[in-house]
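*Asks:* First the structure, then my questions, so here it is.
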Amino acid sequence: MKKRIVFVDDERHVLDALRRMLRGMRDQWEMTFVSTGEQALETMGKSPQDVIVTDMRMPGMDGVQLLNAVRERFPGVIRIILSGHSDTNMALQSVRHAHQYLLKPCGAEEFKATVDRAMNLKDVFLNDAVKTVVAKIETLPSMPRTYLELMAELRREEPSLRTIGELINQDVGMSANILKLVNSAFFGLRTHVSSPVHAVNLLGTEIIKALIISLRLFSRFDMERFPGFSLDLLWKHSLTTGLFAKTIAQVEGRSNAEMDDCYISGLLHDVGKLLLATNFEATYQEVLRRSRSEGRTVHDMENTLFSATHAEIGAYLLGLWGLPESVVTAIFFHHAPPPANPPGFSTLLAVHAANSLEHELVVFNAEYAPHPMDLDFLKRAGQSGRVETWRIACQEKLTEEYRLERETPLR
Ligand SMILES: [Fe+2]
Ligand SMILES: [Fe+2]
């Protein structure tokens, strides 16, 4: 069935340009072009739409008002902002209103990829329990500015690694943290990384983007308000889960891009915990207290008290921020893989297994409930016979990491 998309822009020539640019999509999309928010709502009232793409600054009803009305009246519609105002503030403020953000000028390929990605992430964006929790969060963290600027550079035809390195350099705190991290034993790089440019060269832009995100989310967390929550342990758990997920992909002979996806998913898989703890302090204290006293996992207790878990909330935010679909899906399902997963390797499989193995092999706190792997999921994927190999490979990585840490205590 064709996807139905309504486009809203007060400038005629913009609509004409869009129509021309997307002509090739007519066999897949049924497109309607209107020039005001009122007309868009009218169109949506008459025939159900899948996606709305709107400009932000319009006379009368502006983009924010329109998207809020759409959210209330047509909650099943994917909301995308297409803004010509390339000021980062607009993008920073838009996270609450839209599922995706695009900057004009935007080519047909990028446009199509964004719509497809948002549609494929419907499970994440339109999940009722997640929506309810997200609606209660007053300020969703905005994308780090450095990350936005980096994305802008990456959109250029020939992005320059030097410029990317310099962008990170301008953010003094970020650059110091990135260097500290990539020089730590977790990365196992046998060379000293002296500058952000060097780090980008060695690790690639995808990993650097994920590091910026995780460092920013972790640094926003106010530890003093959570005496029972060890940020340090969560950070180490995240780094090791990333390392394990990548190791599993490596053992399975996957491509470099897949190994990167696995690493990124492992690194970010639990960021939803930070969001929940920061925004629902009292309830999250209860989650932590009761999960320990009742011997239940944190995500199980989150489900009881929020009807949603850190997995889903984290995936929602990272989906908004434009992380790859496989990463967002892996994070969304990392505790509860879907019953109908296709056979074979997936990022989700690697992260699910890596998270369990981390809980098994690195015992930080004996009070935590065990996180066994979902054996049915592994069986459906045809991978249950591989677990022992992964366990051995991860154990080896861990030993190597500890050895490096001892050898280079100052890094
Ligand atoms: Fe988790
Ligand atoms: Fe975890």
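*Asks:* Please identify every one of the trypsin sites (Lys or Arg not before Pro) in segment 371-404 that sits in a loop by DSSP and has no more than 15 other beta carbons within 10 Å of its own beta carbon.
*Replies:* Here no trypsin sites (Lys or Arg not before Pro) fit, given the DSSP loop and packing criteria.
*Asks:* How much net charge surrounds Ile168 when only the other residues with a Cβ under 15 Å from the Cβ of Ile168 are counted, with Lys and Arg +1 and Asp and Glu -1?
*Replies:* Charge balance in the 15 Å sphere: 0.
*Asks:* Taking only Cα atoms of segment 220-407, what ratio of Rg to Rh do you get with Rh as the Kirkwood inverse-distance radius?
*Replies:* Checking Rg against Rh, the ratio lands at 0.95.
*Asks:* Calculated from DSSP H runs of 4 or more alone, at -39500 (n - 2.57) each and per residue, what is the 222 nm mean residue ellipticity of the chain, nearest 500?
*Replies:* -18000 deg cm²/dmol
*Asks:* Would you kindly state how much longer the chain becomes between Val387 and Leu126 on full extension, computed as 0.36 nm times their sequence separation minus their alpha carbon distance, in nm to one decimal?
*Replies:* The Val387-Leu126 span can extend by a further 90.6 nm.
*Asks:* Can you tell me, using C-alpha contacts under 8 Å and at least 6 residues apart, the relative contact order of the chain as a whole percent?
*Replies:* After rounding, I find 12 percent.
*Asks:* If Lys and Arg each add +1 and Asp and Glu each add -1, what is the summed charge of the other residues whose beta carbon sits under 11 Å from the beta carbon of Asn256?
*Replies:* Charge balance near Asn256 sits at -2.
*Asks:* Remind me, relative contact order of segment 265-364 in percent, using alpha carbon pairs under 8 angstrom and six or more residues apart?
*Replies:* 29 percent
*Asks:* Let me ask you something else. Mind scanning Lys209/Lys236; Lys209/Lys397; Lys131/Lys180; Lys112/Lys209; Lys46/Lys104 and naming the pairs with a C-alpha gap bigger than 26 Å?
*Replies:* Lys131/Lys180; Lys46/Lys104
*Asks:* Starting from the Cα of Asp10, step 7 Å along the direction of its Cβ; do the same at Asp300; then give the gap between the two resulting points in nm.
*Replies:* 5.5 nm
*Asks:* Another question, then. Report, in debye and to the nearest 20, how large the dipole of the chain comes out about its Cα centre when Lys and Arg carry +1 and Asp and Glu carry -1 on their Cβ.
*Replies:* Using Cβ point charges on Lys, Arg, Asp and Glu, the chain gives about 280 debye.
*Asks:* Two decimals is fine: what is log10 I(q)/I(0) at q = 0.11 Å⁻¹ for the chain, from a Debye sum with one equal scatterer on every Cα and no solvent?
*Replies:* -0.87
*Asks:* Restrict the search to segment 207-239; then list the trypsin sites (Lys or Arg not before Pro) that DSSP places in a loop and that have at most 12 other Cβ atoms within 10 Å of their Cβ.
*Replies:* Arg220
*Asks:* Go through segment 114-163 and name the GluC sites (Glu not before Pro) that are in a DSSP coil and have 10 or fewer other Cβ atoms within 10 Å of their Cβ.
*Replies:* Within segment 114-163, the qualifying GluC sites (Glu not before Pro) (loop, at most 10 other Cβ atoms within 10 Å) are Glu138, Glu157.
*Asks:* Which net charge results when you count Lys and Arg as +1 and Asp and Glu as -1 among the other residues whose beta-carbon is under 12 Å from that of Phe218?
*Replies:* My count for the surroundings of Phe218 gives +1.
*Asks:* I'd like the distance separating the alpha-carbon centroids of segment 1-68 and segment 314-355, in whole Å.
*Replies:* Centre-to-centre distance over Cα atoms comes out at 31 Å.
Read-outs: derived from the displayed coordinates by stated rules, not from any lab. Note that the coordinates shown come from a computational prediction; the quantities given were computed from them, not determined experimentally. In this analysis, Cβ positions are derived from the backbone assuming ideal geometry, glycine residues included, and neighbour counts consider all displayed protein chains.
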